[in-house]
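Here is the structure we will look at, set down as structure tokens.
The values are calculated or read from the model by the stated rules, or taken from the named source; none is laboratory data. This is a predicted model, so every value here is computed, not measured. A quick note on method: Cβ atoms are made from the backbone with ideal geometry, for glycine too, and the neighbour counts reach across all protein chains shown. Side chains are part of the model used for accessible areas, which takes the heavy atoms of the whole protein and leaves out ligands, DNA and RNA. Shrake-Rupley method; radii C 1.70, N 1.55, O 1.52, S 1.80 Å.
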Amino acid sequence: FVDCRDDAGLYQKIRVMMVDGVAYARQCIYSDRWKIHTKSRADLMDQDIGLREREEQLLAHLRDRILKERAPLFQEIYQRIGLDVFGIDCALVGDQIVIFEANACMHFLGGSDTSSSRYAYTGSYKKELRNALKKMLVRA
């Protein structure tokens, strides 16, 4: 068992999408419950701008630093799973990445965050994913 709560006692679920061997940040949902789904955003994040700001900052940190530094880890996962597109749900605990699951059935281009301007900052990450997916499909 790894306790994945942060200093505030909240759990996080980071979704990283792998497209053609490249890791992309997609979302980070915070909750006071350990079982987190996309709709869990409404529990705390809809009302808490501070949590939305944390997500925005973490997504940028993932894109700009963590996913690049941990590229060998994500490449190993990509090689072992053997799929062109799949998602990884995980959490950052200190300097460790704790993986919850990885599979090809994760929702990643839409979601409940698309209907609210509160989560407009996620749009660039979804756009990056769409572009990567299109590039992979055109090449195929």
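Some values worked out for this structure:
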quantity	calculated
Full-extension gain in nm, ILE99 to ARG65, via 0.36 nm per residue minus C-alpha separation	10.4 nm
Under Karplus coefficients 6.51, -1.76 and 1.60, residue-wise ³J(HN,Hα) of the range 61-72 in Hz, glycine/proline x	5, 4, 4, 7, 9, 4, 5, 6, 5, 9, 3, x
Net charge dipole size for the chain [Lys, Arg +1 and Asp, Glu -1 on Cβ; Debye, nearest 20]	600 debye
Computed [θ] at 222 nm, deg cm²/dmol, the chain (DSSP H ≥ 4; -39,500 (n - 2.57); rounded to nearest 500)	-10000 deg cm²/dmol
Amide H partners (placed H, <5 Å) of MET106, local residues excluded	GLY87
Whole-number D in µm²/s for the chain (Stokes-Einstein; Kirkwood sum over Cα pairs; 10 °C, 1.306 mPa s)	103 µm²/s
The range 120-134 - phi-based ³J(HN,Hα) in whole Hz, Karplus 6.51/-1.76/1.60, Gly and Pro as x	4, 4, 6, x, 5, 6, 5, 5, 4, 5, 4, 4, 5, 5, 4
Computed FRET value (nearest 0.05) for LEU109 with ARG139, which takes r as the C-beta separation and R₀ as 25 Å	0.85
Charge dipole (the range 1-112, unit charges on Cβ, about Cα centre) - positive-most of HIS107, VAL93, LEU67	HIS107
Carbon/sulfur fraction of accessible area - the chain, other protein chains in place, 1.4 Å, %	52 percent
Packing-based ranking, highest mean first, of 15-27, 85-97 given that Cβ atoms within 10 Å are counted	15-27, 85-97
Computed label-point distance, nm, for sites GLN79 and HIS37 using a 7 Å Cα→Cβ extension	3.6 nm
Listed residue pairs exceeding 27 Å between alpha carbons, taken from LYS39/LYS68; LYS13/LYS68; LYS35/LYS135; LYS35/LYS134	LYS39/LYS68; LYS35/LYS135; LYS35/LYS134
